[in-house]
Each structure stands twice: as structure tokens, then as C-alpha cells.
Amino acid sequence: QVQLVESGGGLVQAGGSLRLSCAASGIIFSINDMGWYRQAPGKQRELVARITSGGGTNYADSVKGRFTISRDNAKNTVYLQMNSLKPEDTAIYYCNANKWREYWGQGTQVTVSS
């Protein structure tokens, strides 16, 4: 059974930081590309950041320079360090794993107050 469990969300003031974690089980973590997506109320889910099995990364333009994605294959965990948070970063953040199939976590709420 595949599980992706996000943690680390919460309420933070604008300019603050949060670190999201996603612990994976039931997959061969090291060969999966991992991603963080977000969905704000009334909007479509969008890619925030992605890290390939080889460690290559890409980011949405809106978060470049502020967010950093990383992975620890020994811990089967992917992280999203979010700095200089803005109210427009408020959303539910979802973890994604993708190799031969795509899997999603349940999401963690991030709320940034102005």
C-alpha cells in the first residue's frame, strides 16, 4: 500500500518560513520523481516544485528564489523549505510521486497571514 504523508503545514505571518515534509512508503522512493503541488480555494492545482530521481529540480516562477525542494532517499522523504512566505502562497500543499504510476498525499494546509 502506497502512502505519502505530508506534515509541517500551519499558520505563519508574511515573511515567515515553513518546512514541509512528505514521508513515503510502499514505493521505491529513490527511483521516483517527487513533487510538491498546491491548490488554493477556487483555483486549479499547480506545480510548485519538483525533484527528479537524479536530483534535478524545477520550480514555479512564483516561488523561485524563495522555496527549495530536497530529498533524502535514506529516509524516503522529500522536503519543501519555504521562505519569505506571502499571503498568495496560502493553499493546500500536496506531495506527489511519479514513476510508473502517480501517487498523491492527502495534503497539508499552509496559511500565510498579511
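The values are calculated or read from the model by the stated rules, or taken from the named source; none is laboratory data. Keep in mind the model is a prediction, meaning the values are calculated, not measured. Cβ coordinates were reconstructed from backbone atoms using ideal geometry, including for glycine residues, and neighbour counts include every protein chain displayed. The area values use the complete protein model at the heavy-atom level, side chains included, leaving out ligands, DNA and RNA. Shrake-Rupley method; radii C 1.70, N 1.55, O 1.52, S 1.80 Å.
Anything in segment 85-97 that is open to solvent by less than 60 Å² (accessible area, probe 1.4 Å) and either assigned to a loop (DSSP other than H, G, I, E, B) or over 15 Å from Val5 (Cα atoms) (or both)? List them, or say none. Leu85, Pro87, Asp89, Thr90, Ala91, listed by residue number.
Every test in (1) on the phi > 0 side of the Ramachandran plot; (2) open to solvent by less than 20 Å² (accessible area, probe 1.4 Å) is passed by Met82 save one, and that test is (1). Within segment 51-79, if we keep just the residues that are among the basic types (Lys, Arg) and in contact (Cβ under 8 Å) with a residue 24 or more places away in the chain, the residue that is most open to solvent (accessible area, probe 1.4 Å) turns out to be Lys75. The residue that is surrounded by the most Cβ atoms within 10 Å (Cβ to Cβ), counting only those in segment 40-50 that are of a type in the set (A, V, I, L, M) and touching a residue at least 40 places away in the same chain (Cβ under 8 Å), is Val48.
Yes or no, residue by residue, for (1) in a strand (DSSP E or B); (2) surrounded by fewer than 21 Cβ atoms within 10 Å (Cβ to Cβ):
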| position | (1), (2) |
| --- | --- |
| Gln1 | no, yes |
| Val12 | yes, yes |
| Ser21 | yes, yes |
| Met34 | yes, no |
| Arg38 | yes, no |
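Selection within segment 98-114: residues that are surrounded by 12 or more Cβ atoms within 10 Å (Cβ to Cβ) and hydrophobic (A, V, I, L, M, F, W, C). The member of this set that is nearest to Tyr37 (Cα to Cα) is Trp104.
Restricting the search to segment 57-84, which residues are hydrophobic (A, V, I, L, M, F, W, C), assigned to a strand (DSSP E or B) and more than 25 Å from Gly26 (Cβ to Cβ)? Selection gives Phe67, Met82. When you go through (1) small (Gly, Ala, Ser); (2) more than 14 Å from the chain's Cα centre (by Cα); (3) modelled with pLDDT of 95 or more one by one for Ala91, which number turns out not to apply? Here Ala91 meets the rest and fails (2).
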